[in-house]
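Peer 1: Structure in structure tokens, see below.
The values are calculated or read from the model by the stated rules, or taken from the named source; none is laboratory data. Since the model is a prediction, treat every value here as computed from it, not as a measurement. So basically every Cβ, Gly included, is an ideal-geometry build from the backbone, and we count neighbours across all protein chains shown.
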Amino acid sequence: MTDEPLDPSRLDDLDARLRAARAQTSVETEGQSRGGNAGTGMGLGFRIAVELVAGIAVGTLIGYALDGWLGTRPLLMVVFFFLGAAAGVLNVYRAAKGLDDSVGLGQATRRRDGDLTNGS
Amino acid sequence: MANPVEQFRIEPLVPLEVGGVNLSFTNSALVMVLSICLVTVFLTMSVRGRALVPGRWQSVAEVLYEFVANMIRDNVGAKGRKYFPFIFTLFMFVLFGNMLGMIPYVFTYTSHIIVTFGLAIVVFIGVTIIGFMTHGLHYLRMFFPHGAPLATAIILVPIELISYCSRPFSLAIRLFANMTVGHIILKVMAGFVVALGVFGIVPMAFLGGVTVLEFGIALLQAYVFTILSCIYLHDAIHMH
């Protein structure tokens, strides 16, 4: 397409303008939080539903596997079902609060508070 | 009316069985190979010119590159740069799978949970290994919330552990469910168009809108899958 040698001064000019434009956009996007681009309300709702089900399913599966291994058939499955439900609700809380999927709620809250105090 | 879930049927194209394990080359595998070839050809051909002022194709390739590069920079930070090749490959594979699936008669491999789960479990295992390599056994501290009383560990640690283990499931289910549901809706609506005769114009119009929405979802889900992988990577690298 553009095979003719470009004027170096024009190139420098373009470079400077590109840098200015990039700085502009980075300033604009800086104010947004990390989890702010989670998507639409429908996306968030769908995500919450999936998180809840996944937590319970994984908890029950772990309990079932442990039961088969230790030979305590119904006991651990029941225990892990409730633990899984708790984990699911915890994940939903995280998703709804925009704390991403980070494990360790205290850590996520601290990071968010840290982000807030660090400026932006 | 055609069966709306028939489109997800796996059909072996080249039957192959090794030691009792079915290793047939299926229609799903065909589209995967096709999408990898398309991505490779598209990226190599479009940047072959190396023009300073990019043409149309080079622009598209550069936009995709910068999109993923910015995603990693914003969500993982400077340390995540070395994982760019993997994240970019993941993004392109999911994106092309979703987009190729929108072409009529092309199989959508992201509509099978084993495919999305395979991708998610690779991310999950990789992130866990990176976490242990970066922090050693200190990484296990992640499962105990900072500042909680020690007595609560007996209940908090299993909950955090389950929460951690449910990541690949939620990642896989989200992509799989979105693609499957979208394709079933399209098929059911298309069935109504034929069944209603002249009045089929109503579902036909609806179908047009849903198709546009589906293209948006195909793009969005590839983005969501990649950004969640980036967030998991961030947690593994910067856990403090």
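Peer 1: Just to check your reading of the model, which residue among B:Phe206, B:Phe176 is within 23 Å of A:Met42 (Cβ to Cβ) and touching a His at 6+ places or on another chain (Cβ under 8 Å)?
Peer 2: None of the others qualify; the one that does is B:Phe176.
Peer 1: Return yes or no: is A:Ala54 within 21 Å of the chain's Cα centre (by Cα), modelled with pLDDT of 85 or more and within 22 Å of B:Pro145 (Cβ to Cβ)?
Peer 2: For A:Ala54, the condition - within 21 Å of the chain's Cα centre (by Cα), modelled with pLDDT of 85 or more and within 22 Å of B:Pro145 (Cβ to Cβ) - is met.
Peer 1: Based on what the data block shows, is B:Ala172 surrounded by fewer than 20 Cβ atoms within 10 Å (Cβ to Cβ), aliphatic (A, V, I, L, M) and either within 20 Å of B:Ser229 (Cα to Cα) or facing chain A (nearest Cβ under 10 Å) (or both)?
Peer 2: Spelling it out, it is not the case that B:Ala172 is surrounded by fewer than 20 Cβ atoms within 10 Å (Cβ to Cβ), aliphatic (A, V, I, L, M) and either within 20 Å of B:Ser229 (Cα to Cα) or facing chain A (nearest Cβ under 10 Å) (or both).
Peer 1: Separate question: Considering every residue within the range B:23-40, establish whether at least one is away from chain A (no Cβ under 14 Å), among the hydroxyl-bearing types (Ser, Thr, Tyr) and in contact (Cβ under 8 Å) with a residue 60 or more places away in the chain.
Peer 2: Within the range B:23-40, one or more residues are away from chain A (no Cβ under 14 Å), among the hydroxyl-bearing types (Ser, Thr, Tyr) and in contact (Cβ under 8 Å) with a residue 60 or more places away in the chain.
Peer 1: Another one. Mind counting the residues in the range B:58-75 that are within 11 Å of another protein chain (Cβ to nearest Cβ), surrounded by 13 or more Cβ atoms within 10 Å (Cβ to Cβ) and without any contact (Cβ under 8 Å) to a residue 60 or more places away in the chain?
Peer 2: Final tally of qualifying residues: 4.
Peer 1: Next up: Here is a list of conditions, (1) loosely packed, with under 15 Cβ neighbours inside 10 Å; (2) without any contact (Cβ under 8 Å) to a residue 12 or more places away in the chain, and B:Ser163 meets all of them except one; can you say which number that is?
Peer 2: (1)
Peer 1: Then there is this: Being modelled with pLDDT under 90, of a type outside the set (D, E, K, R) and under 16 Å from B:Pro168 (Cβ atoms), is that true of even one residue in the range A:83-90?
Peer 2: Among the residues of the range A:83-90, not one is modelled with pLDDT under 90, of a type outside the set (D, E, K, R) and under 16 Å from B:Pro168 (Cβ atoms), which makes the answer no.
Peer 1: In addition: Name the single residue that is modelled with the highest pLDDT among those in the range A:28-47 being more than 10 Å from chain B (Cβ to nearest Cβ) and under 15 Å from the mean Cα position of the chain (by Cα).
Peer 2: Only one residue tops the list, namely A:Gly45.
Peer 1: Answer with yes or no whether B:Pro149 is farther than 22 Å from A:Gly63 by Cα and either loosely packed, with under 13 Cβ neighbours inside 10 Å or of a type in the set (Phe, Trp, Tyr) (or both).
Peer 2: So B:Pro149 fits the description; yes.
Peer 1: Among the numbered criteria (1) more than 14 Å from chain A (Cβ to nearest Cβ); (2) part of a loop (DSSP other than H, G, I, E, B); (3) of a type in the set (A, V, I, L, M, F, W, C), which one does B:Met99 miss?
Peer 2: B:Met99 satisfies every listed condition except (2).
Peer 1: Let me ask something else about it. Return a yes/no flag: does the range B:182-193 have any residue that is within 11 Å of another protein chain (Cβ to nearest Cβ) and either under 14 Å from the mean Cα position of the chain (by Cα) or closer than 14 Å to B:Thr110 by Cα (or both).
Peer 2: Looking through the range B:182-193, none of the residues is within 11 Å of another protein chain (Cβ to nearest Cβ) and either under 14 Å from the mean Cα position of the chain (by Cα) or closer than 14 Å to B:Thr110 by Cα (or both).
Peer 1: Hey, another quick one. If you scan the range B:127-153, which residues turn out to be free of Cβ contacts under 8 Å to residues at least 12 places away in the same chain and outside any helix (DSSP H, G or I)?
Peer 2: Scanning the range B:127-153 gives B:His146, B:Gly147, B:Ala148, B:Pro149.
Peer 1: Select from the range B:117-148 the residues that are at pLDDT 85 or above and among the small types (Gly, Ala, Ser) and list them in ascending order.
Peer 2: B:Gly118, B:Ala120, B:Gly126, B:Gly131, B:Gly136
Peer 1: Something else now. Given the criteria aliphatic (A, V, I, L, M), touching an Asp or Glu at 6+ places or on another chain (Cβ under 7 Å), closer than 28 Å to A:Leu52 by Cα and facing chain A (nearest Cβ under 9 Å), does B:Leu161 qualify?
Peer 2: no
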